[in-house]
Amino acid sequence: MRYAAPLVIAVLAACHSTAIGSGGPPPPPPPASAPALHVQGNQLVDSTGHMVQLKGVNRSGTEYACAQGWGFFDGPSDSASVAAIAAWKTNAVRVPLNETCWLAINGVAPAYSGDNYHQAISDFVARLNRAGLVVILELHWSAAGTAIALGQAPMPNRDHTPKFWREVAAAYGGNNRVIFDLFNEPFPDNNSNAPEAWRCWRDGGTCRGMSFQAAGMQELVDSVRAAGATNVIMVGGVQYAATLSSWQTFKPSDPRNNIAASWHIYNFSWCSSQACWDSTAAPVARQVPLVLGELGQDDRGSAFVTSLMDWMDTRGAGYLAWSWDVWGNPLDLITSYDGTPTTYGETFRTRFSR
């Protein structure tokens, strides 16, 4: 979104034994862990080969609080808040990251960067996974040179982004319950859908309308795989990830063939009509898994998101609503972090509960 997450087993076993011995009822079983995913044809599947359609939410905050110097999260990140998300019958949460916070560079606050930031994200991912939720880690805010990342850039940068992904991949490469979404919303070549935009998108380098050297999607895929990570990788198209018209032509090569297409659609964005979905997104969905990393409707209605989710459901394609936050704007899914839905959010809660 553009805008102005062996000791435990022993303890559980001990608690279970104590409850039985005292004559009380046994404690409820812990929630099932999230499935480990990989690409099979045009679907995401678990380790047994069963298709998994991602249905979830975006939990914003971890991309901006650290860079602004006041925290890791905007709102709670504890087990109760995670349980509230899971109670909507979701199976995935997308967690935005900040490049300068992760790398602890360019004067970002030490209290909320580097190892401290890594630990906060790692703890959140563990809580989400234990609650049965797949985690999508995505690079939301980045900045070239010596700047702190305080907003969205048109493309990743060669100064820092490959290193960011090498480190994230090294940290989570053994956990296929985590998906890597390489870059939130690319908009190279002055936000066009021209051949030059797609060349820049894949290959990076010197790009029209940009003052820094871009890191292309191929370079970032290579960075992830060089770290030994086997995780599913999501790659969004151009024009804020809304346009997929040349995605297949410029698709980065992956030695593991474990890539999905990321797509962001709002009622106010490019490709907001079914005619566009049919002509540009449907061909991609026939070849690789298609995941709506973000979808939303800002007029407090539900017709648009309902029709788009219907369209995705017919293809077994996943979607994650924006956003599980209480900012007081029309795209808030909730009025409280206990999971109380807004009218807008109720549309998604009802859908996820089907």
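Only the coordinates and a few stated rules stand behind these numbers; no lab work does. Note that the structure is a prediction, hence the values are computed from the model and not measured. Glycine gets a Cβ as well: all are built from the backbone with ideal geometry, and neighbour counts include every protein chain shown.
A cut-off of 5 Å between modelled amide H atoms, ignoring neighbours fewer than 5 places along the same chain, links HIS38 with VAL45.
In plain terms, the residue of GLU167, GLU219 with the fewest other Cβ atoms within 10 Å comes first and the most crowded comes last, giving GLU167, GLU219. Counting only residues at least eight positions apart within a chain, or on another chain, the lysines with an alpha carbon under 29 Å from that of LYS251 are LYS55, LYS163. For ILE334, the residues 5 or more places off, or on other chains, whose built amide H falls under 5 Å of its own are ASP325, THR342.
Pull out a ≥ b ≥ c, the square roots of the eigenvalues of the alpha-carbon gyration tensor of the stretch 104-163, then state rounded if a/c is under 1.5, prolate if not and a/b is larger than b/c, and oblate in the remaining case. Oblate, since a/c reaches 1.5 and b/c is not below a/b. Put in line by how crowded their Cβ is, counting other Cβ atoms within 10 Å and starting with the fewest, ASP74, ASP115 read ASP115, ASP74. Distant-in-sequence amide contacts of TYR319, defined by a placed amide H-H separation under 5 Å and a gap of 5 or more residues or a different chain, comprise LEU54, LYS55, GLY56, LEU292. Peptides 225-235, 92-102, 337-347 ranked from most to least packed by the mean count of surrounding Cβ atoms within 10 Å: 92-102, 225-235, 337-347. Its Cα gyration tensor gives the stretch 299-354 an equivalent ellipsoid. The semi-axes, each the square root of 5 times an eigenvalue, are 21, 12, 9 Å from largest down.
State the answer as a single residue: which of ASN190, SER262, MET312 lies farthest towards the positive end of the charge dipole of the chain, with beta carbon charges of +1 for Lys and Arg and -1 for Asp and Glu, about the Cα centre. The residue sitting farthest along the positive end of the dipole is MET312.
Applying Stokes-Einstein at 37 °C and 0.692 mPa s to the Kirkwood radius of the chain, computed over alpha-carbon pairs, gives a translational diffusion coefficient of 160 µm² s⁻¹. Residue exposure proxy: CYS207, CYS200, CYS66, ordered by other Cβ atoms within 10 angstrom of their Cβ from fewest to most, comes out as CYS207, CYS200, CYS66.
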